[in-house]
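**Q** Supplied in structure tokens, the structure appears directly below.
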Amino acid sequence: MSQTEENTMDQIVGLCKRRGFLFQSSEIYGGVNGFWDYGPLGTELKRNVRDAWWKDMVGAHDEFSTLPNATKPFSMVGLESSIIMHPQVWKVSGHYDLFHDHMVDCTETNKRYRFDHVQGRWAEAEKKTKSDDGTETSSTVKAFITTIAQADETQDALVAQALKFFGLKGKYKDKINWTSELLSLEKIDQLSEAVAPDASKAGTFTEPREFNLMFKTTLGALGGEDDAAFLRPETAQGMFVNFKNVVDSSRVKIPFGICQIGKSFRNEITPRNFTFRSREFEQMEIEFFCYPGESSEWYTYWRNRRYNWYTSLGISPDNLILREHHKEELAHYSVGTADIEYAFPFLPQGEYGELEGVAHRGDFDLRSHMEGKLDKDLNVQLNEHDQPKYRGSGKDLSYFDDQSRERFIPHVIEPSAGADRATLAFLCEAYTVDEAPDDKGKMQSRTLLKFHPRLAPIKAAVFPLIKKEGMPEAAAGIYRELREAGINSTFDQQGAIGRRYRRQDEIGTPYCITVDGQTAEDQTVTIRDRDSLEQVRVPLNKVTEEIQGRLKG
């Protein structure tokens with residue numbers, strides 16, 4: 001994010017609202033926390049992210065590509081499974097038992113917090129108290145002052161909370177003795193010594209308890225316990241339960257991938273950081289099925305391929321890392337997992353947030369849906385004595401290799417990306433402040449979104465320089481031709497030309513086409529590049545061809 005002024009998340013959020021990228025859901029009624037609506041430009045941007053993912057992973061996939069040591073080339077096919085699935089799917093997959101966070105409540109403020117999101121520092125100061133008879137006493141009090149503020153606001157929030165707790169005024173903040181660095185609430189043994197955010201006394205936190213993240217719903221009219229179902233917390237299970245259907249109907253051979261884009265729902269305790277953590281979100285997932293002996297190599301392949309996808313669309317390697325999980329971080333099914341992480345502006349300097357996970361799931365999922373899983377350790381080891389806690393479908397989800405005559409359970413590599421997080425990352429990366437000349441040639445600060453042309457919501461803007469001398473008619477003709485060619489364009493004839501350029505810069509339009517007085521003389525127009533500010537003359541009848549070439553390049 002190269003720019004001459006400091007970039008803040010508030011500026012990006014403000015731009016998104018002002019220019020119609022994102023709105024708070026149900027905003028006129030006060031909004032619903034954890035839900036967001038995409039405006040006209042946001043809809044186009046997110047659709048372009050999805051389309052780029054689908055084209056690169058499925059539509060333009062090279063059916064003859066393979067790895068050096070792999071035995072066969074691989075195919076990629078699509079699927080669209082339903083949001084509500086049989087409840088047993090979530091029991092067998094482990095979500096019913098394991099898909100939860102720990103939460104704590106404050107009994108004073110009646111606010112709820114995710115346990116691992118509350119952080120704070122130990123502090124000491126003189127605290128004055130009054131007895132029933134009005135006698136005032138003071139004593140040295142030590143307490144753990146907490147907050148859930150964003151990283152750049154944490155210390156200010158802790159100071160304000162400490163002043164409130166100790167009964168001090170702002171000018172006496174130096175009387176507070178901070179005795180530790182920032183710690184998670186999880187590190188504190190005695191919750192009775194912790195002061196909850198906005199609380200006036202210590203000890204108002206409840207003990208942490210499990211909170212299942214799945215949204216529960218009801219099927220049918222009666223609404224009994226037998227009619228309970230869940231909105232899916234991930235799209236992956238739809239691909240696992242349809243594995244046999246895809247193999248039998250598509251005639252694909254292992255190795256191959258099933259790809260899906262779709263909505264998922266997680267009842268997050270504390271949604272935060274704009275669209276980074278929401279209750280309704282969209283996933284772009286691949287389940288790649290391969291020979292067990294080749295799974296490690298495919299795992300490496302998909303980690304690198306997915307990392308390179310982000311950089312190919314404009315994410316700087318300086319803001320992107322590929323982080324392998326430590327053993328203690330691994331999910332119950334995972335043989336290995338790597339996260340592709342991005343340096344979001346709302347995070348402290350040097351910290352990264354998950355953009356996509358690439359997991360080596362082994363054969364856990366297919367085997368679980370065949371046979372079930374044990375309550376003991378989630379490993380399927382069925383025999384006549386051991387019965388699973390949750391029974392699988394009983395359907396044969398193994399794969400038969402008609403060349404080797406071998407039957408086996410494939411291993412799975414899962415690249416799982418969030419469409420909303422990817423869209424947010426591309427927005428943050430594109431946000432730039434630099435300088436450009438105004439109508440009088442004077443350098444002025446400008447805000448622009450440097451989207452990769454494939455992702456830009458609007459690819460080209462067409463301007464008549466003035467509203468007469470046939471310029472609007474010529475510009476309208478260019479606009480119609482671009483739209484007919486499938487290039488999303490806009491037409492703007494309001495305001496000075498410099499102001500129109502600024503509007504398009506701020507929404508990320510790569511190219512502006514201006515019809516001016518010279519157009520009638522030599523049948524050429526000006527094409528201006530958003531990033532370089534270079535302007536070139538192009539024949540009127542070559543404009544669409546020129547824009548198409550630039551978009552492909």
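**Q** Checking the cross-link filter: which lysines have an alpha carbon closer than 23 Å to that of Lys72, excluding same-chain neighbours under 8 positions apart?
**A** Of all the lysines, those that pass the test against Lys72 - Cα under 23 Å, at least 8 places apart if same chain - are Lys55, Lys244, Lys253.
**Q** Given H placed 1.01 Å from N in the peptide plane, which residues other than close sequence neighbours of Thr270 have an amide H under 5 Å from its amide H?
**A** Here Arg114 satisfy the definition.
**Q** State the dimensionless ratio Rg/Rh of the chain (Rg: radius of gyration of Cα atoms; Rh: Kirkwood radius). Walk me through the intermediate numbers first.
**A** Numbers: Rg = 28.4 Å, Rh = 27.3 Å.
Ratio of gyration radius to Kirkwood radius: 1.04.
**Q** Another question about this same structure. Return the calculated 222 nm mean residue ellipticity for the chain, to the nearest 500 deg cm²/dmol, obtained by summing -39500 (n - 2.57) across DSSP H runs with n ≥ 4 and dividing by the residue count. Please report the intermediate quantities before stating the final value.
**A** Working: 14 runs with 143 residues, N = 553.
Rounded to the nearest 500, the figure is -7500 deg cm²/dmol.
**Q** Just the ratio, please: alpha-carbon radius of gyration of the range 458-552 over 2.2 N^0.38 Å, N its number of residues.
**A** Numbers: Rg = 11.9 Å, N = 95, 2.2 N^0.38 = 12.4 Å.
So the range 458-552 has a normalised radius of gyration of 0.96.
**Q** State which stretch of the chain is the longest one without any exposed GluC sites (Glu not before Pro), exposure meaning a DSSP loop state and at most 13 other Cβ atoms within 10 Å. Provide the component values of the computation, followed by the final result.
**A** Numbers: sites that count: Glu5, Glu6, Glu63, Glu80, Glu181, Glu351, Glu384, Glu534.
Longest gap between qualifying sites, sites excluded: 182-350.
**Q** Can you tell me the order of 499-505, 89-95 when each peptide is scored by its average per-residue count of other Cβ atoms within 10 angstrom, highest first?
**A** Numbers: 499-505: 19.6, 89-95: 21.6.
My ranking of the peptides, most packed first, is 89-95, 499-505.
**Q** Continuing with the same structure: Starting from the eigenvalues of the Cα gyration tensor, five times each then square-rooted, give me the equivalent ellipsoid semi-axes of the range 8-149, largest first, whole Å. Walk me through the numbers on the way to the answer.
**A** Values: eigenvalues 511, 123, 68 Å².
Its equivalent ellipsoid spans semi-axes of 51, 25, 18 Å.
**Q** To continue, here is another question. Consider just the alpha-carbon atoms of the range 129-284 and return their Rg together with their Dmax, both in angstrom.
**A** Gyration radius and largest Cα-Cα distance of the range 129-284: 25.2, 86 Å.
**Q** Now for a separate question. Distance check, please: which entries in Lys216/Lys263; Lys128/Lys169; Lys46/Lys91; Lys17/Lys450 exceed 23 angstrom between their Cα atoms? Don't jump to the answer; show the numbers that get you there.
**A** Details: Lys216/Lys263 15 Å; Lys128/Lys169 13 Å; Lys46/Lys91 32 Å; Lys17/Lys450 18 Å.
Those over the limit are Lys46/Lys91.
Each reported figure results from applying straightforward, stated rules to the coordinates on display, with no laboratory input. What you see is a predicted model; the values in this text were computed from it and never measured. Cβ atoms come from the backbone with ideal geometry, glycine included; neighbour counts cover every protein chain shown.
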